[in-house]
Amino acid sequence: MKQGKIFGFLLILIGLLIILGNLEIIDIGFWQIIGTYWPLLLIAAGFYNIITNPAGRLGGFIVLGVGILFQLNNLDHLDIFANISIWPIILILIGIGLLVRGGEKAQALERNKINTINIFSGRNSRIVSQDFKGGSSISIFGGSELDFREAKTLEKEIRFDVFLLFGGDDIYVPENWNVDISGLPIFGGWDDNTSRKTFDPEAPTLAIKCLILFGGIDVSN
């Protein structure tokens, strides 16, 4: 999972920087203001996802709640971390897990809709439905590998909602499908590496709607 490995490296880097700052080996005073109010990004992103992404509202509510808890903690209105020093170690372990996982056999799924939720984990799925209608993927400190290459659809447009928080999704689509990706990337983004470069009005379109925070989507054939 290419995107998952990238953000595994990112988590390890963040964890190491926090440890070095706590040990006063490096000076991270410049980031103190950002460190206090960064949860506002999560709160804003959570609201945005709830309002604009009906299929992915669960991810929006999760991010909104996490953002509120972190902001209250940073403003000393709520103590949710009894021992903050363990958190950079947790980030490093999660990052290592994202780097070393992979190679598991993809699960073949015949259902017409797929909705996956990965929290501190990952999943490989191969969709073989002959009437695929879309679905959603939520990845928080994790990721998915979604293979639609054996799927067929009777729809002109298939909507697939993606929410990523420190995660990455790899999506594989048939060569004869159009791909339309739109959404809000915050310290993240997407890559469309499919072979089709022109829109075919006769072909089905996979419309990927996404909210990405420190993550990425890679779409290819």
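Quick note: the coordinates plus some simple rules give every number you see, no bench work behind them. Fair warning: this is a prediction, and the values are worked out from it, not measured in the lab. FYI the Cβ positions are ideal-geometry reconstructions off the backbone, even for glycines, and counts take in every protein chain you see.
Below is a table of values for the structure above.
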| read-out | value |
| --- | --- |
| Percentage of interatomic Cα-Cα distances in region 107-220 larger than 16 Å | 55 percent |
| Label-point separation in nm, Thr36 to Asn115, each point 7 Å along Cα→Cβ | 4.0 nm |
| Peptides ranked, highest mean first, by Cβ atoms within 10 Å: ranges 197-210, 60-73, 128-141 | 128-141, 60-73, 197-210 |
